[in-house]
Amino acid sequence: MRILVTGAAGFIGSALCQSLHSSGHKVSAIDNFSNYYAISLKTARIKEFLEPNNLKVNDLDISNKNELDKYIISLKPDVIINLAAQAGVRLEIDKTYKYIDSNLVGFSNILISAVENKVPLFLYASSSSVYGDSAAIPYIETEKNLYPTSFYGATKLANELLAPTLIKNSSTVARGLRFFTVYGPWGRPDMAYFRMIANIISGSDFNFFGDGSIERDFTFIDDSVSSIVALMNELYTCKAGFVDVVNVGGGRPLSMNYLLETINSLTGKNVLFNRLAANSNDVRKTMSDINLLKSLIGIEPKIQVEEGIAKTIKWAQKDDIRINLDTWVNSVK
């Protein structure tokens, strides 16, 4: 299949491109190389995952409708997997436009283009952030009580509301992927696990928000990518106009304190941190109900956080990674 992956220099995107290529698909990749964090990390991912497979990442922003349309028309993809987004929940209010440009304008552009050009499959990144703090635990896809606590989460919920309005009368089928705290080697340097590990290995500054009691449903990168590929293949069995959302998580919430203790134990050192007040954009707990995921693809995430963090620490200790950790952590804007 001809598959277009957006956000291809990102954490999930780069690993997904490699997986799709190794499965025999013809992969096209785009990214706008946002400076939200160091571009050098994105280029390092490209060198690790894409260049060995002769995959080029084209510099293209999905908020540019004209250029995006031209690209999709020339490419004629069978599948679009839209992972391009402004990530994170802590941007200052004067940078809120970044969520609007990428998550609302950009998303609308690629959704419209997919429908206009009769792309058979459209998958896109949503987030556990859509559930907010009002939804019942564990989070289930049929939950109606959705009140995101962050602007980022609200834009992702908006994506889920927009998709059915265009898909229902089209020849395209669509699926939103509600990711739950994806982590692992080559991850995002704004994430707590990344910054904790960088603190121990390179002495990077780490700010610990709140008392550490908030819980997250951590999902290892390999499990996330396997789920995306399987959910893409399953989506081909659906009729035109079909649209849904699926949780991509492990169903095992763990506290930030447990994460801290795990990293301390695995490294034999203690993370040093600055204790700051809890952030109002952080939900108290995320936990994925994975029954739908299992029913659709017959598999569920396997790698426990203890194993996944150990793999990430081993990656971070490599000489070519270790020397860059502080730069990557301090680059987050």
Exercise. Counting only complete DSSP H runs, which helices of the chain cover 20 Å or more along their long axis at the Cα atoms and score a mean Kyte-Doolittle of -1.0 or above?
Worked result: 151-167, 221-235
Problem set entry | Within region 93-112, backbone nitrogen closer than 19 Å to the virtual label 7 Å beyond the Cα of ASN64 toward Cβ | 98-112
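Kirkwood Rh, Cα Rg: Rg to Rh for the chain? Please report the intermediate quantities before stating the final value.
On the way: Rg = 18.9 Å, Rh = 20.0 Å.
Reported Rg/Rh (Cα atoms, Kirkwood Rh): 0.94.
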For this session: Considering Cα pairs under 8 angstrom that are at least six residues apart, work out the relative contact order of the chain and quote it in whole percent.
Result: 19 percent
Exercise. Could you state the number of Å between the C-alpha centres of region 224-240 and region 51-127?
Worked result: 19 Å
Seminar exercise, completed: Once the in-chain neighbours fewer than 8 apart are removed, the lysines whose Cα is under 24 Å from LYS65 read LYS26, LYS42, LYS56, LYS76, LYS95, LYS98, LYS118, LYS156, LYS168
Exercise. Label ILE93 and ASN207 with points 7 Å out from Cα along Cα→Cβ: what is the distance between them in nm?
Worked result: 1.7 nm
Exercise. Roughly what would the spin-label model give for GLU116 and ASN274, points 7 Å off Cα along C-beta, in nm?
Worked result: 4.6 nm
For this session: Give me the number: length gained by fully extending GLU307 to ILE73, i.e. 0.36 nm times residue separation minus the C-alpha to C-alpha distance, one decimal in nm.
Result: 79.9 nm
Exercise. What is the distance, in nm, between label points placed 7 Å from the Cα along the Cα-to-Cβ direction at THR165 and at LYS144?
Worked result: 2.0 nm
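Given a Förster distance of 35 Å, report the FRET efficiency between ASN35 and SER295 from their Cβ-Cβ distance, rounded to the nearest 0.05.
0.30
Each value in this text was obtained by applying a stated rule to the coordinates, not by laboratory testing. These figures come from a predicted structure and were not determined experimentally. Cβ coordinates were reconstructed from backbone atoms using ideal geometry, including for glycine residues, and neighbour counts include every protein chain displayed.
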